[in-house]
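Once you've had a glance at the structure underneath, I'll fire off some questions.
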Amino acid sequence: GDFGGRGGEHSPALLDGGAGGRAKKSLHLRRRIQHASTGLLFLLLDDHIPLWAGSIMLFVSSAFLYAFHLARLKSDSVRAMYLRLFGPLLRPHERASSPPGALYFLVGLAITSASCSEQAVRCALATLSFADPAAA
């Protein structure tokens, strides 16, 4: 979902039927596919990586993504690389200066994996990965 309330999937502009609406639909479809495929990959890896190790890897990944986000705010060359790598998946406010939604996905999953049972983590991951994009 759109936690920031800044033009999410249900914005009126999406309903205009014009080129802008089609572009937003395409962006959100790409984001949904990426969201679900990342979650599926994590679920598949879950069978091979102990929960404690996965939790550490998620916290480290979150830190690296946040550091990359901060670096792109300070450097034009890092910003160009950031947009080249992630631009097609970013919402307009994420392209400008907000952290990407993927950061919240990783942080939330890291906290859940550090504080909940493996069964609860799998349930949360499946819900976040598939139900959230389907409902959007």
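Only the coordinates and a few stated rules stand behind these numbers; no lab work does. Computed from a predicted structure; not experimentally measured. Here the Cβ is made from the backbone with ideal geometry for all residues, glycine too, and neighbour counts use every protein chain on show.
Considering the dipole of the stretch 34-136 built from charges on the beta carbon (Lys and Arg +1, Asp and Glu -1) around the Cα centre, which of 113, 133, 50 is farthest to its positive end?
133
In terms of the Cα gyration tensor, with a ≥ b ≥ c the square roots of its eigenvalues, is the stretch 21-132 rounded because a/c is under 1.5, prolate because a/b exceeds b/c, or oblate? Walk me through the numbers on the way to the answer.
On the way: a/c = 2.58, a/b = 1.45, b/c = 1.77.
Oblate.
Still on this model: Give, in nm to one decimal, the length gained when the segment between residue 74 and residue 117 is fully stretched (0.36 nm per residue of separation minus the Cα-Cα distance). Spell out each step's value before the answer.
Numbers: separation 43, 0.36 × 43 = 15.48 nm, distance 3.90 nm.
Working it through step by step, the gained length comes to 11.6 nm.
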